[in-house]
Each structure stands twice: as structure tokens, then as C-alpha cells.
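What follows is a short report on a single structure.
The values are calculated or read from the model by the stated rules, or taken from the named source; none is laboratory data. Just so it is clear, the model here is predicted, and its values are computed rather than measured. Glycine gets a Cβ as well: all are built from the backbone with ideal geometry, and neighbour counts include every protein chain shown. Quick note on the areas: whole protein, heavy atoms, side chains included, nothing else; ligands and nucleic acids left out. Shrake-Rupley method; radii C 1.70, N 1.55, O 1.52, S 1.80 Å.
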Amino acid sequence: MSVLIYVELDNGSIKKTSLEAVAYGAKIAEKTGDKVAVLALGKADISELEKAGNYGAGKVLHAADDKLDHENSLAYADVLAQAAHQENSKIIILSKSGLGDAVAARAAAKLKAGIVSGVTGLPEINGSFKVPRGIFTGKAFATTEIKSDIKVLVVKKNAIEMDESSVRTVNAEVETFSPVLRDSDFKATIVEVEKAASELSLTEASIIISGGRGMKGPENWQPLLDLAKALGAATGCSKPVSDLDWRPHHEHIGQTGIKVAPDLYIACGISGAIQHLAGVNGSKCIVVINKDPEAPFFKAADYGIVGDLFEVLPKLTEAVKNLK
């Protein structure tokens, strides 16, 4: 049997969050004694797919049909179910994202599998199968037992530590996978895909710097952008900022925007409304910069700086450059 991991691709390469899912699956396979197989759909660089072996995968099933180049959760779920049958997979893993959630739910229905989303750690396998997951937008945790024969896990970013022990130097074997594609899954046609112009994806970035209404206007964003460039960070914003068109809507982070889990999240001039906190509570370290010492965000911060961000940001940028 195989633990099967579906990986998302970005320009032919496996996304970082999906590589974390591969490493997560490899940890489970160590407990169960199963092999580790990966499923990749659409156009891809074979040498990049082989790198899944560095994270514990033995092989990669690659379905390269042109119809699978665009994200189609109906088709992807059907192909994932076919791959699970071929590999006799009882445990199927996906990384949590808009696409991952949609594919997981549909695949679980096809496979009559139990499904847990928002998984935050490795399962307890001891006569039963119990997994920890975040609930109430990350404010609490629950342990859920899956009793079905087939189990689908949707894993949050940073569910396991990606230290040096997680990375090897072994290439996975890439095999061509030719699933049956049903016409009914392609009744909707993707005419055009317009991607955000930002250099770094918020869901993939290790460092994110966000601004709120404390930035006072779109013309004042340069100090934040300078620090982001110095740190190699992605930029985000609060909902009011995107609503005011100070920043593009694809940068909106929060409960109704993008949920992120970087290693470092720096909030500049953001008060810390509960909707914004729900989108960042998976971050490993949160730094808050705000001139209001009573800002609610300080209660959730690992580090806080009370001060004028227009004075603080240039000093931080200078310090980062000096360190480099």
C-alpha cells in the first residue's frame, strides 16, 4: 500500500506547501510501513518532480494531459480517486488551500472516505487513527478519530517542522499516469487565467509584511516595500486597506481573504481585528508595529514595537541591510 499525496504545481514546480505535505506523508509512512507516492497533474518539469524524493516520496505519478493544465477540482478529484485505487492507498494527503479543500472534499465523497481538514500534527496510530486539527479559526484544537477504511487529510502549513532531517538527496521515480478523463468534468471551460503580479505568493512566503490603515494612504507604502525587499518578503494588507483600493485585493489577508502561515509575520499599523487574526494565527512568529500601545494585535504578538511605523520601518530596513 502507499500513502498518496496530491501536490499542487506552480510553473512546473511543486509548491512549498505541497512539499511539506509530502514530508508529512513520509512521517506517517514510517509509522505504517507503507510506501510514499505523489500525484502531480498538468504540465511539469520532470527534474522538479523528482525532487519530491528529497522529502520522502518513492515515486511520482504524473498525469500530463493538456486538459489538466488548468485547476479543475472536479477532474482533479476524479484523477486522485483513480490514483488511490491504483496505489491501494488508504491514507491520502493534500495541503490546505482553496484548491486542496475542493479536491479533497470531492475525492473523499468518491472514495467513501473520512476526511479531516485543518490538520495541525501527525496522527496517533495505535489501534485507532486520531488526528489533531484547528477549530474556531485556529483559536482551539480538537482531536478527531477517523474510522473509515480510507482517510483523507488536509494539512495546514507548518504542520510539521521542516528541518534538515526532513530533506534527503534522493530523487523520486517519475511514472506516467494516464487516468480516464470524463467529459462531464470539463463542461466548464477556463477561458483565461490572470495571476497576481506580485513576485511572491502569500501562501508560499516564509516572511510576510502587512500594512493597515495606519499606513495613512497608498502613497505612503514605500517604507514597507523597502523592508519587504530587504527581507525577501511578500506583502499583504488588512481588509479595510484593500476595500479602500490602497492595495490590490489579492493582498487581503484575513478570515474573508487569504489565510497565511509564514515563519514570520510583520503587521504594520494594523489594529488586530478578530477577522484579521483568523487569517494569520498559523504564523510561527508575529511582530506588531503600532503607535497605539492598546492595539488588540499586541495580545497576539510574539514581539511588539510601540512607535511611529514611518520611523521604525526605515530603521529596520537599515538594520537588515547591515546584517546582510
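Please work out the Kirkwood hydrodynamic radius for the range 95-254, using every pair of different C-alpha atoms, and report it in angstroms with one decimal place. Write out the running numbers ahead of the final one.
Values: mean 1/r = 0.0509 Å⁻¹.
After inverting the mean inverse Cα-Cα distance, the result is 19.6 Å.
Using just the alpha carbons, could you tell me how many Å³ per residue the convex hull of the range 80-140 encloses? Write out the running numbers ahead of the final one.
Details: hull volume 6.2 nm³, N = 61.
Cα convex hull per residue, to the nearest whole number: 101 Å³.
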Check: Any idea how many Lys pairs in the range 1-133 come in under 16 angstrom at the alpha carbon, given 8 or more places apart or on separate chains?
Finding: 19
Checklist line | 14 Å beta-carbon shell around Gly33, net charge (K/R +1, D/E -1) | finding: +2
Check: Once you list every other residue whose beta carbon is under 12 Å from the beta carbon of Leu231, what net charge do they have if Lys and Arg are +1 and Asp and Glu are -1?
Finding: +1
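How much of the accessible area of the chain, probe 1.4 Å, is carbon plus sulfur, in whole percent?
Numbers: 8040 of 15920 Å².
After summing per-atom areas, the C and S share lands at 51 percent.
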Checklist line | Tilt relative to the chain, helix 309-323 - C-alpha long axis, 0 to 90 degrees, to 10 | finding: 60 degrees
Next item on the list: Give the angle, between 0 and 90 degrees and rounded to the nearest 10, that separates the Cα long axis of helix 16-32 from the longest principal axis of the Cα atoms of the chain.
Entry: 50 degrees
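Hey, could you get me the Stokes-Einstein D for the range 28-92, Kirkwood radius over alpha-carbon pairs, 10 °C and 1.306 mPa s, rounded to whole µm² s⁻¹?
Details: Rh = 12.7 Å.
In µm²/s, the coefficient is 125.
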Margin query: To test your reading of the geometry: what angle, between 0 and 90 degrees and rounded to tens, separates the Cα axis of helix 222-231 from the longest principal axis of the chain?
Written below: 50 degrees
Check: Hey, what's the chain come to in accessible area per residue, 1.4 Å probe, Å²?
Finding: 49 Å²
Margin query: I want the local charge near Ile91. Using Cβ-Cβ distances under 12 Å, sum +1 for each Lys or Arg and -1 for each Asp or Glu among the other residues.
Written below: +2
Checklist line | Globularity index of the range 30-169, i.e. its alpha-carbon radius of gyration over 2.2 N^0.38 Å | finding: 1.06
Margin query: Stokes-Einstein diffusion coefficient for the chain at 4 °C in a medium of 1.567 mPa s, Rh from the Kirkwood formula over Cα pairs: what value in µm²/s?
Written below: 62 µm²/s
Next item on the list: For the range 171-290, go through all pairs of different Cα atoms, get the mean of 1/r, take its inverse, and jot down that Kirkwood value in Å.
Entry: 16.0 Å
Notebook entry, point to check: Using a simple charge model, +1 on the beta-carbon of Lys and Arg, -1 on the beta-carbon of Asp and Glu, nothing else, what dipole does the range 170-240 show about its Cα centre, in debye to the nearest 20?
Noted result: 500 debye
